[in-house]
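Engineer: Structure below; questions to follow.
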Amino acid sequence: MIDTTLPDFASLSRNRFLLILMVLLLLRIRSIASGNRLVIALVNLFGTLLHETAHFLVGLALNAQPTGLSLWPRRQTDGRLSLGSVTLRNLRFYNTLPTALAPLLLLAPAWWVDQHFFDHWPRTVAHLLLQVVLITLLLDNALPSTTDVRVAVRNIGGLLFYGALLGGGWWVWRNGLVL
């Protein structure tokens, strides 16, 4: 059996060169896959599942009434590739913005993996690679797509509603009115 434990793991995990190299390799794999829909689907399947499940679950929780979930890539009319989608039949002012931006919730598990991964796994090169892959996967899929952003901002009522909530919350906090 090969011993993959490193005597000086801390210096390896702080080595930005190695970490950037690993991320670039992941990006290269995605780039190579960009010509074939089957390969794209396989390379991005887990991340697409996370991204679309976030939309689905937040839509379900906020009564956006999800009716469909697709994880198969397809070309849009403008030529861009859509990796997945969720169909919602009850988008309203109160649920459009959070449902469209739901993948941002993946930032929380990405942060947790960054901060606590090695509390539960031994410090080996293999586990460092796994940590980098997990963080990259979560961060990449936490970013809302251009379609997500378009859907989020097209509902003026929702923007005003959440803007008022944030502004009111800030005012309450700023004036020390929080219990």
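The values are calculated or read from the model by the stated rules, or taken from the named source; none is laboratory data. The structure presented is a predicted model; accordingly, all values stated were derived computationally and were not measured. For neighbour counting, all protein chains shown are included, and Cβ atoms are generated from backbone atoms with ideal geometry for every residue, glycine included.
Engineer: Does residue 122 meet the test of being in a loop (DSSP other than H, G, I, E, B), within 26 Å of residue 25 (Cβ to Cβ) and within 17 Å of the chain's Cα centre (by Cα)? Explain how you work it out, then say what you get.
Structural biologist: Working: in a loop (DSSP other than H, G, I, E, B): yes; within 26 Å of residue 25 (Cβ to Cβ): yes; within 17 Å of the chain's Cα centre (by Cα): no.
So residue 122 fails the test.
Engineer: Provide a single number: the residues in region 21-75 that are at pLDDT below 80 and among the polar types (S, T, N, Q).
Structural biologist: Total satisfying the criteria: 4.
Engineer: Collect the residues in region 128-166 that are more than 25 Å from residue 86 (Cα to Cα) and over 21 Å from the mean Cα position of the chain (by Cα), keeping them in residue-number order.
Structural biologist: Result: 163, 164, 165, 166.
Engineer: Of all residues in region 137-160, count the ones that are surrounded by 15 or more Cβ atoms within 10 Å (Cβ to Cβ) and of a type outside the set (S, T, N, Q).
Structural biologist: At the first step, the residues of region 137-160 found to be surrounded by 15 or more Cβ atoms within 10 Å (Cβ to Cβ) are 137-142, 144-145, 148, 151-152, 155, 158-159.
Filter once more, so that each one left must be of a type outside the set (S, T, N, Q): 137-140, 142, 144, 148, 151-152, 158-159.
Residues meeting the conditions: 11.
Engineer: Those residues that are outside any helix (DSSP H, G or I), closer than 16 Å to residue 52 by Cβ and of a type in the set (S, T, N, Q), I need them from region 137-179; list them, please. Please lay out each step first, then the result.
Structural biologist: So the first thing to find is which residues in region 137-179 are outside any helix (DSSP H, G or I), and the list is 143-145, 154-155, 175-179.
Checking which are closer than 16 Å to residue 52 by Cβ leaves us with 143-145.
Within region 137-179, just 145 meets the criteria.
Engineer: Since residue 76 meets every condition but one in (1) touching a strand residue (DSSP E or B) at 6+ places or on another chain (Cβ under 6 Å); (2) more than 24 Å from residue 28 (Cα to Cα), which condition does it not meet?
Structural biologist: (2)
Engineer: Do we find that residue 104 is touching a residue at least 60 places away in the same chain (Cβ under 8 Å), part of a helix (DSSP H, G or I) and within 22 Å of residue 142 (Cα to Cα) in this structure? Outline the logic, then answer.
Structural biologist: Details: touching a residue at least 60 places away in the same chain (Cβ under 8 Å): no; part of a helix (DSSP H, G or I): yes; within 22 Å of residue 142 (Cα to Cα): yes.
When the stated conditions are applied, residue 104 does not pass them.
Engineer: Just give me the residues in region 72-101 being under 15 Å from residue 48 (Cβ atoms), assigned to a loop (DSSP other than H, G, I, E, B) and under 18 Å from the mean Cα position of the chain (by Cα), in sequence order.
Structural biologist: 72, 73, 83, 84, listed by residue number.
Engineer: Look at residue 172 and say whether it is in contact (Cβ under 8 Å) with a residue 24 or more places away in the chain and either farther than 30 Å from residue 22 by Cα or of a type in the set (Val, Ile, Thr) (or both). First the steps, then the outcome.
Structural biologist: Working: in contact (Cβ under 8 Å) with a residue 24 or more places away in the chain: no; either farther than 30 Å from residue 22 by Cα or of a type in the set (Val, Ile, Thr) (or both): yes.
Criteria not met by residue 172.
Engineer: Further question on the same structure: Quick test of your reading of the structure: residue 170 fulfils all but one of (1) buried (at least 17 other Cβ atoms within 10 Å of the Cβ); (2) farther than 23 Å from residue 46 by Cα; (3) among the aromatic types (Phe, Trp, Tyr). Name the failing condition by number.
Structural biologist: Going through the list (1) buried (at least 17 other Cβ atoms within 10 Å of the Cβ); (2) farther than 23 Å from residue 46 by Cα; (3) among the aromatic types (Phe, Trp, Tyr), residue 170 breaks only (1).
Engineer: Among the residues of region 48-66 satisfying the criterion of being of a type in the set (Gly, Ala, Ser) and crowded, with 21+ Cβ neighbours inside 10 Å, which is farthest from residue 145 (Cα to Cα)?
Structural biologist: If we filter region 48-66 for residues that are of a type in the set (Gly, Ala, Ser), which is where we start, we get 54, 59, 61, 64.
In the following step, the residues that additionally are crowded, with 21+ Cβ neighbours inside 10 Å were identified as 54, 59, 64.
Working: 54: 13, 59: 16, 64: 19 Å.
Here the residue is 64.
Engineer: Within region 102-109, is even one residue more than 19 Å from residue 56 (Cβ to Cβ) and surrounded by fewer than 19 Cβ atoms within 10 Å (Cβ to Cβ)? Spell out how you get there, then give the answer.
Structural biologist: Keep residues of region 102-109 that are more than 19 Å from residue 56 (Cβ to Cβ), which gives none.
Within region 102-109, not a single residue is more than 19 Å from residue 56 (Cβ to Cβ) and surrounded by fewer than 19 Cβ atoms within 10 Å (Cβ to Cβ).
Engineer: Only one of (1) in contact with a Phe, Trp or Tyr (Cβ under 7 Å, 6 or more places away or on another chain); (2) touching a residue at least 40 places away in the same chain (Cβ under 8 Å) fails for residue 66. Which number is that?
Structural biologist: Going through the list (1) in contact with a Phe, Trp or Tyr (Cβ under 7 Å, 6 or more places away or on another chain); (2) touching a residue at least 40 places away in the same chain (Cβ under 8 Å), residue 66 breaks only (2).
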